[in-house]
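Visitor: Take this structure, written in structure tokens, and hold onto it; I'll ask about it next.
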Amino acid sequence: MSEWWTYRLRDFLLFSPRTYFRLFELYNAAIWPAQLVALGLGVWILLLLRRPSVSRGRWLSAILAASWLWVAVAFHMKRYTTINWTAVYFGWGFALEAALWTGLGVFGRLTWTRPPDLARRVGLGLFVFALALEPCVGLLFGREWRQGQILGVAPDPTAVATLGVLLAASGRGRGVLAVIPALWCAVSFATLLAIMAPEAWMMAAVGIVAATAVLSARRQKSRHNAARSAA
Amino acid sequence: MAIDRLSRRDLIGILGAAAGAASFLRPWIAWASPGQAAAHSGPLLTRRIPSSGEELPLVGLGSWITFNVGEDRSARDSCADVMAAFFQNGGRLIDSSPMYGSSQDVIGYGLRKLGSSARVFAADKVWESRGAIGPSQVEESRRKWGVPRFDLLQVHNLMSWEEHLPMLLAMKAAGRLRYVGITTSDGRRHDEIEKIMRSQPVDFVQVSYNVLDREVEKRILPLAQERGIGVIINRPLRRGDLIRMVERTPLPAWAAEIDCGGWAAVLLKFIVSHPAVTCAIPATTRVDHVRENMTASYGRLPDAALRRRIASSVEKL
């Protein structure tokens, strides 16, 4: 792309805000009542997070893998691609995340332990936000409830909830699982900013909160390790 | 470049004959309501395409963002209503690109619904980095539009133009295309555009031009006049930003001197009154907006003094 410095975010926008949110309305109508199943699975994940363990982690990973695969195919590749040709690549990214959760979480050696309190609280907070509040956010800005984005079937709450899960239960192997959700938060922030939707700042806040929690948890853990070594 | 005037009576006659010849009475009646012609002062203003002498109305219709509505049936019908109003008010040139998501499909949907394939001046683009894929992309675009052939194909943002231009010129030589062009937007790659205008037999160049972005006045527009190249103007209203900028300001009294009832018409007349400009292509999702845009194709145009006044008035806001 020549003269790339002259391009602004809006130059990459292909659709209007109305078209974008209407896409979710039509998608929700087409997949109903899959949303109820997705919400039920979300509640189940919340219950599994209460006491993380290897076996619970496998169930949780299977649910998240299924959610990412569903969003990859049913949303990105089948519907979003009708207004955004880059959605095919997003679909492949989401399918890769599903494969990672399957490989590392269901069949792999992803460990699940209780993290430091701060990270756990932030993680659970992000998950509850994605499960219960994110579908209603549009109402605050005058949009219809039919356009709500539901965890497990829509990309934004699925990415936010996944970051929440990764914060709420610590253990090895989760860094790689956080890359695609974090990237999606950035992509969604850019898209929402380009269409001047206030939710853009919500996605930015999620990213900042998650990053701060990760850094704080690391600091807390290193202090803890230092204290143990000194003792 | 002379401006030729087609009388309103002639226009109505042509539209009626086209409708009758097509024998598509039902779709005609179906879109007559949203597309009812506004009351215009005087004849439809057209300008000659330099390379052929064919007349083209001064205002066309863009489709970037506005027509990319995917599979949404009601939004597709709204776009068809916009196209109906556009045709009913004398419009002909519709511009799209494979880059614009579902816009080509939506235009095809509208043309089928309205039975207007014969009326449209179909302008599309090649947008592909690999030269070998160009012909199949053109065929795919044509299938989406549902037209027998394109009137104009342009190399989108000069992407791989060295490979695509020979293919388009060969299509034109074979009678499978009427005009060939190149495009850019927002003032990018003007040096290269100039080089191509000087060295290649293109019929059209598409560039950005509006009351605040007037870079093309320096070299591109004079060169187009000199070389006999038609000019299509994109971003004529800066994607609506110019309208939002001026809408709270009362329309100056001088707007009546050029038969303008609103700012959109003033801003478009500023553009199409430049003698090098063949056609401006504002995009919209609204029937009332397309009707207002089309009023720039009627009535008096500003002279050089009034053009300067329009520019300075908007710059002060």
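Visitor: With the requirement that a residue be of a type in the set (A, V, I, L, M) and surrounded by fewer than 23 Cβ atoms within 10 Å (Cβ to Cβ), what does the range B:253-270 give you?
Guide: Within the range B:253-270, B:ALA253, B:ALA255, B:ALA256, B:ILE258 meet the criteria.
Visitor: Step by step: first the residues of the range A:4-59, then only those that are touching a Gly at 6+ places or on another chain (Cβ under 9 Å) and at the interface with another protein chain (Cβ under 8 Å from one of its Cβ atoms), then the one that is nearest to B:THR184 (Cα to Cα). Which residue is that?
Guide: Per the stated criteria, the residue is A:THR6.
Visitor: Restricting the range B:271-284 to residues that are within 23 Å of B:ALA80 (Cβ to Cβ) and among the hydrophobic types (A, V, I, L, M, F, W, C), which is surrounded by the fewest Cβ atoms within 10 Å (Cβ to Cβ)?
Guide: Initially, the range B:271-284 is screened for residues within 23 Å of B:ALA80 (Cβ to Cβ), giving B:279-284.
Pick out the ones that are also among the hydrophobic types (A, V, I, L, M, F, W, C) and you get B:279-281, B:283.
On the way: B:CYS279: 29, B:ALA280: 29, B:ILE281: 23, B:ALA283: 27.
Only one residue fits best here, namely B:ILE281.
Visitor: Kindly check whether there is at least one residue in the range A:177-187 that is farther than 30 Å from A:ASP11 by Cβ, of a type outside the set (Lys, Arg) and part of a helix (DSSP H, G or I).
Guide: Yes: one or more hits.
Visitor: Give B:ALA283, B:ALA276 a once-over and let me know the one that is within 14 Å of chain A (Cβ to nearest Cβ), at negative phi, within 20 Å of the chain's Cα centre (by Cα) and assigned to a loop (DSSP other than H, G, I, E, B).
Guide: B:ALA283
Visitor: Report, ordered by the first and then the second residue, all pairs with beta carbons closer than 6 Å, sequence separation of six or more or different chains, a first member in the range B:187-198 that is within 14 Å of another protein chain (Cβ to nearest Cβ) and in contact (Cβ under 8 Å) with a residue 40 or more places away in the chain, and a second member that is in a helix (DSSP H, G or I) and surrounded by fewer than 18 Cβ atoms within 10 Å (Cβ to Cβ).
Guide: none
Visitor: Residues of the range B:108-131 being in contact with a helix residue (DSSP H, G or I) (Cβ under 6 Å, 6 or more places away or on another chain) and either part of a helix (DSSP H, G or I) or within 14 Å of chain A (Cβ to nearest Cβ) (or both), which ones?
Guide: Answer for the range B:108-131, where residues must be in contact with a helix residue (DSSP H, G or I) (Cβ under 6 Å, 6 or more places away or on another chain) and either part of a helix (DSSP H, G or I) or within 14 Å of chain A (Cβ to nearest Cβ) (or both): B:GLY108, B:TYR109, B:GLY110, B:LYS113, B:LEU114, B:TRP127, B:GLU128, B:GLY131.
Visitor: A follow-up question, please. Would you tally the residues in the range B:69-101 being among the hydroxyl-bearing types (Ser, Thr, Tyr) and part of a helix (DSSP H, G or I)?
Guide: Residues flagged as among the hydroxyl-bearing types (Ser, Thr, Tyr) and part of a helix (DSSP H, G or I) within the range B:69-101 amount to 2.
Visitor: Then there is this: Using beta carbons and a limit of 6 Å, which pairs, at least six apart or on different chains, have the first residue in the range A:65-87 and more than 10 Å from chain B (Cβ to nearest Cβ) and over 15 Å from A:ILE180 (Cβ atoms) and the second one of a type in the set (Gly, Ala, Ser) and not in a helix (DSSP H, G or I)?
Guide: Going by the 6 Å Cβ cut-off, there are no qualifying pairs.
Here's the yes/no breakdown for (1) at pLDDT 95 or above; (2) at positive phi; (3) not polar (S, T, N, Q):
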| position | (1), (2), (3) |
| --- | --- |
| B:LEU6 | no, no, yes |
| B:ASP10 | no, no, yes |
| B:GLY13 | no, no, yes |
| B:PRO34 | no, no, yes |
| B:THR46 | yes, no, no |
| B:ARG76 | yes, no, yes |
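Visitor: Tell me, yes or no, whether the range A:197-208 has at least one residue that is within 19 Å of the chain's Cα centre (by Cα), modelled with pLDDT under 95, part of a loop (DSSP other than H, G, I, E, B) and surrounded by fewer than 14 Cβ atoms within 10 Å (Cβ to Cβ). Can you show your working first?
Guide: Just the residues of the range A:197-208 that are within 19 Å of the chain's Cα centre (by Cα), to begin with: A:197-208.
Add one more test, that the residue is modelled with pLDDT under 95, and what stays is A:197-208.
Filter once more, keeping what is part of a loop (DSSP other than H, G, I, E, B): A:197-198.
If we keep only those that are surrounded by fewer than 14 Cβ atoms within 10 Å (Cβ to Cβ) as well, we get A:198.
Looking through the range A:197-208, at least one residue is within 19 Å of the chain's Cα centre (by Cα), modelled with pLDDT under 95, part of a loop (DSSP other than H, G, I, E, B) and surrounded by fewer than 14 Cβ atoms within 10 Å (Cβ to Cβ).
Visitor: So, one more: What about B:GLU163, is it of a type in the set (Asp, Glu), more than 20 Å from the chain's Cα centre (by Cα) and more than 14 Å from chain A (Cβ to nearest Cβ)?
Guide: Numbers: of a type in the set (Asp, Glu): yes; more than 20 Å from the chain's Cα centre (by Cα): yes; more than 14 Å from chain A (Cβ to nearest Cβ): yes.
So B:GLU163 fits the description; yes.
Visitor: What is the residue count in the range B:285-311 for residues that are of a type in the set (Asp, Glu) and buried (at least 18 other Cβ atoms within 10 Å of the Cβ)?
Guide: The first filter runs over the range B:285-311 and keeps only residues of a type in the set (Asp, Glu), leaving B:288, B:292, B:303.
When the remaining residues are screened for being buried (at least 18 other Cβ atoms within 10 Å of the Cβ), the result is B:292.
The number of residues fulfilling the criteria is 1.
Visitor: Tell me which helices (runs of 4 or more DSSP H) are completely within the range A:75-148 and hold 3 or more residues being charged (D, E, K, R), or say none if there are none.
Guide: A:117-128
Visitor: Of these, B:ALA311, B:ALA280, which one is in contact (Cβ under 8 Å) with a residue 40 or more places away in the chain and under 30 Å from B:ASN68 (Cα atoms)? Let's see the steps before the verdict.
Guide: Numbers: B:ALA311 fails: under 30 Å from B:ASN68 (Cα atoms).
Only one candidate passes the filter, namely B:ALA280.
Visitor: Of the residues B:SER136, B:SER52, which is in contact (Cβ under 8 Å) with a residue 40 or more places away in the chain and surrounded by fewer than 21 Cβ atoms within 10 Å (Cβ to Cβ)? Don't jump to the end; show me each part of the working.
Guide: Numbers: B:SER136 fails: in contact (Cβ under 8 Å) with a residue 40 or more places away in the chain.
Sole residue among the options that is in contact (Cβ under 8 Å) with a residue 40 or more places away in the chain and surrounded by fewer than 21 Cβ atoms within 10 Å (Cβ to Cβ): B:SER52.
Visitor: Continuing with this model, one more query. Could you list, in sequence order, the residues of the range A:169-196 that are out of contact with any Ser or Thr (no Cβ under 8 Å at 6 or more places or on another chain), at negative phi and in contact (Cβ under 8 Å) with a residue 60 or more places away in the chain?
Guide: Passing the criteria: A:ARG174, A:VAL176, A:ILE180, A:LEU183, A:TRP184, A:VAL187, A:ALA190, A:THR191, A:LEU193, A:ALA194.
Visitor: Could you give every pair whose Cβ atoms fall below 8 Å, whose first residue belongs to the range B:158-181 and is in a loop (DSSP other than H, G, I, E, B), and whose second residue is not small (Gly, Ala, Ser), counting only separations of at least 6 or pairs across chains?
Guide: Filtered contacts from the range B:158-181: B:MET159/B:VAL126; B:MET159/B:TRP127; B:MET159/B:GLU128; B:SER160/B:GLU128; B:SER160/B:ARG130; B:ARG176/B:ARG149.
Visitor: Filter the range B:49-105 for residues that are more than 14 Å from chain A (Cβ to nearest Cβ) and of a type in the set (Gly, Ala, Ser) and give the result.
Guide: Once the filter is applied, which keeps residues that are more than 14 Å from chain A (Cβ to nearest Cβ) and of a type in the set (Gly, Ala, Ser), the range B:49-105 yields B:SER51, B:SER52, B:GLY53, B:GLY60, B:ALA80, B:ALA84, B:ALA85, B:GLY90, B:GLY91.
The values are calculated or read from the model by the stated rules, or taken from the named source; none is laboratory data. Remember, predicted model here, so these are calculated numbers, not experimental data. Reconstructed Cβ throughout: ideal geometry from the backbone, glycine too, with neighbour counts over all protein chains shown.
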